[in-house]
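Presented below is the structure to which this report refers.
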Amino acid sequence: MVVDYKKVGFIHLTIFACLLVFAIATTSLARVNDGFLKIYFLDVGQGDAGFIVTPAGRQILIDGGPSDAVLSKISSRMPFYDKDIDVLIASHKHSDHIAGLMSVLDRYDVNNIVDTKIGYSSSEVSKWNQLKLAEGANEIEAKAGGYMDLGEGITITFLHPEDTLEGKTSKNPNDDSIVTMLQYENFRVLFVGDAGAKVENAMMSSDIDLSADVLKVGHHGSATSTSTKFLSAVSPEVATIEVGAKNTFGHPSPIVISRLENNGIKYYRTDADGDIEVVSDGNFFKVNKSK
Ligand SMILES: [Zn+2]
């Protein structure tokens, strides 16, 4: 499968101005650079927060959950002196995804922000736009065909939206979700945000390769996402569900749980398993859970 990729952004390592900090950083990075990519599906209540740390220590956060709970979760996985995050990706404009990202913008220096240009009005989105402006980060518009090269054989490719959403107003923010494929050599993780069956069908009817080892289940396990056909197209070995305990939405739906079980897919859920860590060397992977 060939997609007409084009580069939309580069990630640059932070140049440490202070020699002392540099000495600490190089020692620390040398110690932790074991060649493993780590992905944390964080237990932040009812919402999504996926934190990716590359072998060289680059950090990418896909959504931030509904509150500042994400701050302690990511800081405990970063060197204490590190106040930079390489990339923030806001899958869509709902509070359970961007509220935590706003607290991250308050706390950290963010180098790149990936977003769409969809129009959606809410008090939170106004604040999000103000914070983005104040951050002065490099803004990357996500649309299918674009990708980010993170070095070390790691890429993040955008699979949805199909084209720019500039000038459009959102009717259903879930279906504006940025869908990304994280790839490290032969290992692939699909993040679908809260995209529903309509988006799943659109991606399946294009020639996008959706196959992945790990699927971040769409919309917290809602029955309107994760169709049986979509599961066949992705064919993951493991699925993760980001969901709050006793949430009022009834997520995850028992229907989705049955679909996973019927397809022999092992699944983890943040309400029961806590933080879910996936570690890969680019070929194999293993899953650890905090509960
Ligand atoms: Zn959500």
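Summary table
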quantity	calculated
Extreme residue, nearest to the ligand (Cβ to nearest atom), among residues of region 169-184 that are over 13 Å from the mean Cα position of the chain (by Cα) and assigned to a strand (DSSP E or B)	Thr169
Per-region count, region 209-218, residues part of a strand (DSSP E or B) and within 16 Å of the ligand (Cβ to nearest atom)	2
Candidate set from region 116-129 (those that are within 16 Å of the ligand (Cβ to nearest atom) and not small (Gly, Ala, Ser)); member that is surrounded by the most Cβ atoms within 10 Å (Cβ to Cβ)	Thr116
Residue under evaluation Leu61, criteria (1) crowded, with 20+ Cβ neighbours inside 10 Å; (2) in a helix (DSSP H, G or I); (3) out of contact with any His (no Cβ under 9 Å at 6 or more places or on another chain), criterion not met	(2)
Within region 119-153, tally of residues that are at pLDDT below 95, in contact with a Ser or Thr (Cβ under 7 Å, 6 or more places away or on another chain) and under 20 Å from Thr164 (Cα atoms)	2
Residue list for region 185-208, restricted to those being assigned to a strand (DSSP E or B) and either within 14 Å of the ligand (Cβ to nearest atom) or out of contact with any helix residue (DSSP H, G or I) (no Cβ under 7 Å at 6 or more places or on another chain) (or both)	Phe187, Arg188, Val189, Phe191
Selected residue (only one of Val104, Val53 is over 24 Å from Gly196 (Cα atoms), within 13 Å of the chain's Cα centre (by Cα) and more than 16 Å from the ligand (Cβ to nearest atom))	Val53
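To keep it simple, each residue is scored yes or no on (1) at pLDDT 95 or above; (2) over 21 Å from Phe187 (Cα atoms); (3) within 16 Å of the ligand (Cβ to nearest atom).
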residue	(1), (2), (3)
Leu29	no, yes, no
Val32	no, no, no
Ala49	yes, no, yes
Asp68	yes, yes, no
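The values are calculated or read from the model by the stated rules, or taken from the named source; none is laboratory data. Computed from a predicted structure; not experimentally measured. Quick reminder, even Gly has a Cβ in these numbers, built from the backbone with ideal geometry, and neighbours come from all protein chains shown.
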